[in-house]
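Quick notes on the structure that follows.
Just so it is clear, none of the values below were taken in a lab; they were calculated from the coordinates. Treat the numbers as computed from the prediction; the structure is a model and nothing was measured. Here the Cβ is made from the backbone with ideal geometry for all residues, glycine too, and neighbour counts use every protein chain on show.
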Amino acid sequence: MSDVLALLTDVVDALTQPTQERTPMHTWSQDRSDRNKKRLPDHVTYVPSLLVQLAAQAFPLTVDGDQGAGARSVPQSKLPGNAEALATYLDIHASVIRWTRRFEITRRDTLTSTVRKLLAHTPKCPGYATDLLSDSMGWLESCQRVAGLIVPDPTLTVPCPVCHTRAMRVDLDDHVVRCVACGDRWVQNPEPDAVGVGALADLATYVTRYRTKAESEADAVRAEWRRRKAANTYRWTDETV
Ligand SMILES: [Zn+2]
C-alpha cells in the first residue's frame, strides 16, 4: 500500500503541479574574457501543470482569464481548439467524476484540485489504491501525448512480410522494427533459433524489393493508361474493377 501511495503521489504531482525551470544567466564586460563574467539572477520560466496545459489546449480562449466576454471569435466551420485535447480532457474529467462517486466525496471547483482531493482520500480507501494508480497513469500518459511529450514510433509504409498488414513500427531507441499486428520483430543480430525474430538486413532487402515491385507496377499502369488514352479507347474504371 505505501509503495502504491508513493507512486500515486508522484503521478498526481506530475499531473497537477506547475514546474519551474531555472536557466543561469551571465553578463560579460567588453573583452568577453571569463574573468569578467558576472552572474545575473537566474531566468525563471513557470510551466503550468499538465492538466492545466491540457485544458488550455481543449478550451483555448476560455482558460486564460484576460479574454473577456466578446473577445472570442469562434470560427464558423471548425471546432475551436484542439479536438484531441478536448476529447482527452473530457475522458479524464468523466473518469475523475466516477472516482469522486466511488469515494463518496464532493468535487472541487477545478479538475486539478479534485484530482488532488482523490489522492488525499486514498488512504481511507486502501482497496482502491491500485485501480486509482492505474487510471491516473492513463491520465498522465494521455496528457503527455497531447502535450507532444510522447511521440509515437514512426511507421514503415510497406506491409509486414509475415502477415501483410501495414502495421510496421520503428523503435528508434532500441533499433527494432515491430509488426503491431502479428508481433514479429526485426533486430540487428537475432539469435539463430529465435522464433518470430528476423534480421534487420533481411527486412531491408524485403523493403527494397517491395518498393521496386510497387514502382514497376505503377509504371506499367501509367504506361497502359497512356496507351489507351492515345488510342482513345480507354474506359478505365469499367475494365480494371
Ligand atoms: Zn505482421
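In table form, for the structure just shown:
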quantity	calculated
Value in Å of the Kirkwood radius, where the chain supplies the Cα pairs that are averaged	24.2 Å
The stretch 155-240 - Rg and Dmax from Cα coordinates, angstrom	18.4, 58
Share, in percent, of DSSP beta bridges within the stretch 155-240 that are antiparallel, nearest 5	75 percent
Crossing angle, helix 111-121 versus the chain [Cα axis fit, 0-90 degrees, rounded to tens]	70 degrees
Net charge over other residues, Cβ less than 12 angstrom from the Cβ of Arg108 (K, R count +1; D, E count -1)	+2
Kirkwood Rh in Å, taken over the stretch 93-151 so that all alpha-carbon pairs contribute	12.1 Å
Length gained when the stretch Thr208-Leu172 is fully extended (0.36 nm per residue, less Cα-Cα span)	11.0 nm
Using a Förster distance of 22 Å, the FRET efficiency for Arg101-Leu7 (Cβ separation, nearest 0.05)	0.40
Linear extension gain, Ala199 paired with Thr157, 0.36 nm per residue minus alpha-carbon span	13.3 nm
Across the chain: Cys residues that no other cysteine approaches within a C-beta distance under 4.7 Å	Cys125, Cys143
